[in-house]
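All remarks here apply to the structure that follows.
Bear in mind these aren't lab numbers, they're just calculated from the coordinates by the rules spelled out. What you see is a predicted model, and the numbers here were worked out from it, not measured in a lab. Every residue, glycine as well, gets a Cβ built from its backbone with ideal geometry; the counts of neighbours run over all protein chains shown.
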Amino acid sequence: MRIRLLICLLAGIMGISRVISQNGKPPQNNTVIATQGNFTLRKVHDSLYWLNDWRLPYPVYQFQTGDVDGDGSEDAMVGVIKSTRFYPEKARRLFIFKQVNGKARALWMGSKLGGILEDFRFINGKIRALESTTDSLYVVSDYKWDKFGMAFDQFIIKGVDQETAIKTFSQ
């Protein structure tokens, strides 16, 4: 019984790995969504993307590049929809990647910035976030890199309706 279970598990794992990746590279049947600088985002299907060689098994809602950590090199910011260990409900998250020897490597894979993340963009060396609150209001906040991750910098506007927040966020 144990041997049969082990064989089934191994067959399943090997089958999945063949579909997901061939030699650690993105599968050939994918669509290039965007190329920015040295980063390319490819879509295999709605819940499987690749950022260069990094597998993203989540829906992606945003992709931008910029020097997030101020080291003079371009970083990739990818918005994904997923649950986390501490926040089990699926929601929008922000992942930040560096490029090391031509490969994407995780710099920060945050569970949460501050409020409920709706969207983000990179502006003036900071990540500007459009966030909702639990009382159905909206804020626009700036976050900056602080040694290990993102830290709150300032509110651009807070406690407003969605239309006002989107207008402020888009400026």
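Descriptive notes on the structure:
- Rounded, prolate or oblate (a/c below 1.5 giving rounded, otherwise prolate when a/b exceeds b/c) for the stretch 39-91 by Cα gyration tensor: oblate
- Extended-chain gain in nm, criterion 0.36 nm per residue less alpha-carbon gap, Ala151 and Arg121: 9.3 nm
- Once Rg and the Kirkwood radius are both taken over the C-alpha atoms of the stretch 51-171, their ratio Rg/Rh works out to 0.96.
- Farthest toward the positive end of the dipole of the stretch 31-171, out of Leu48, Thr134, Ile123, is the Cα of Leu48, where the dipole comes from beta carbon charges about the Cα centre.
- Zone of Thr164's modelled label, taken as backbone nitrogen in the stretch 90-134 under 15 Å from a point 7 Å along Cα→Cβ: 131-133
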